[in-house]
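Rule-based calculations on the coordinates, nothing more; no lab input. Keep in mind it's a predicted model, so treat the numbers as computed, not measured. Positions of Cβ are generated from backbone atoms using ideal geometry, with glycine treated the same way; all protein chains shown enter the neighbour counts.
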Amino acid sequence: MGERIEFAAITVTKEMIIEFATEFDPFPFHLDEDAARKSLLGGLASSGWQTAGLSLRMVTDAFLSRVASAGGLGFSDLKWKRPVMKGDTISGSATIAELRRSRSHPQWGIVLVDFDVRNQKGQPVMSMRLANLVETRDPQAGTMQTPMQPYDVEHGGGAG
Amino acid sequence: MTRWFEDITVDEAFPLGSHTFEADEIVRFARQYDPQYFHLDADGAAHSHFRGLVASGWHTVVIGHRKMVDALGAEEERLRGLGQEPGVSGPSPGVNRMDFKAPVRPGDTVTYTLTVTGKRPSNSIPGWGLLFNSLDAVNQHGETVYHAELVGFSKLRDYRKPLRLRLLEALTKIPGLGKLLAQRS
């Protein structure tokens, strides 16, 4: 709990923005510089879902791939705070906000991870709370008052 | 929404269409954004509690988003065909909830439905409204694979700028004065 995981940085290029938008988010303001300038975004910016996907990738590399992840349950309070413009470099951190044993499936633990994604100027671009299942070391211990930490992760290491 | 903010009826459901997920696209998405073994490799995934390859929940979500963008585009063309001016959708400020309820496996067909559950003018961006949308994704067995509560911007048709804002804009157009105002604010 309270443990912080630092993300490796990713630079979002114009090509990446257009490639993602063509497949998943073909609004004109994600595909065309002119349309983007005239939109609320004020210039070519990544799809919010691309920013979210890249953030997921960053947390998978830095954290989920090192724990016995058993799949995602969803997320809440996803906020796109600022557009990620072409050429921006995003990075950030995740904090373990809550850790508990699943009530319906006591062989699993539920970890809640708070994301704080920022651009190269340190401005927040996205935040959310991810809920993920993790396998527990001792599946029989479901009745324990305080569950053991069902994950094993190095401190503060970026994905590199 | 391609309807203007003012014309949108709350609680009306919009079918967005269906998508059948194939193994190769599940793996391709996972390699880029969610490289966990049960999204990447059928043999490895067979040993997971999913007992087989499953799509990243995020993949099912971005496909849902794509279906929405396509549905809006089609509706926009239809309205233009009728000689009407369609409404304008803006970017989204966020997602309140997203619950992955059942895994999506290769060959599954997911059908997406959008429902506007509420609307109000934006406090932060004058001239725009906020739409509160529910998105339900259901597989061919009728099981919900995810339920989402999304927020989107939609342009107001009947918006008239407040006098104060129009005055300020007029002032910033006077040469020299605009710069001065910008420095002071």
message: Could you work out how much longer the chain between A:Asp114 and A:Arg100 gets when fully extended? Use 0.36 nm per residue separation minus the Cα distance between them, nm to one decimal.
response: 3.5 nm
Segment B:5-160 - percent relative contact order, Cα under 8 Å, separation 6 or more: 29
message: For a test of understanding, tell me how many lysine pairs in chain B have Cα atoms under 27 Å apart, given they are 8 or more places apart or on different chains.
response: 9
- prompt: How far apart, in nm, are two points set 7 Å out from the Cα along the Cα-to-Cβ line at B:His47 and at A:Met16?
  reply: 3.2
- prompt: Taking neighbour counts of Cβ atoms within 10 Å as a proxy for exposure, in what order, fewest first, do A:Met16, A:Met1 appear?
  reply: A:Met1, A:Met16
- request: Evaluate the distance, in nm, between pseudo-label points positioned 7 Å from the Cα of A:Ser65 and of B:Arg28 along their respective Cα→Cβ axes.
  value: 2.1
- prompt: Hey, what did chain A get for relative contact order, percent, Cα under 8 Å, at least 6 apart?
  reply: 28
- prompt: Volume per residue, Å³, of the convex hull around the alpha-carbon atoms of segment A:4-143?
  reply: 108
Neighbourhood net charge (10 Å Cβ-Cβ; Lys/Arg +1, Asp/Glu -1) for B:Val54: +1
- prompt: Any idea what the relative contact order of segment A:1-60 is, in percent, if you count C-alpha pairs under 8 Å spaced at least 6 apart?
  reply: 29
B:Arg120 versus A:Arg4: modelled label distance in nm, points set 7 Å from Cα along the beta carbon direction: 3.4
message: Taking just the alpha-carbon atoms of segment B:5-160, what radius of gyration and Dmax come out, in angstrom?
response: 17.9, 61
- request: Could you tally the net charge around B:Ala102, taking each other residue with its Cβ under 11 Å from the Cβ of B:Ala102, Lys/Arg +1 and Asp/Glu -1?
  value: -1
task: Pop the C-beta distance of B:Arg166 and A:Asp34 into the FRET formula with R0 = 30 Å and round what comes out to the nearest 0.05.
output: 0.65
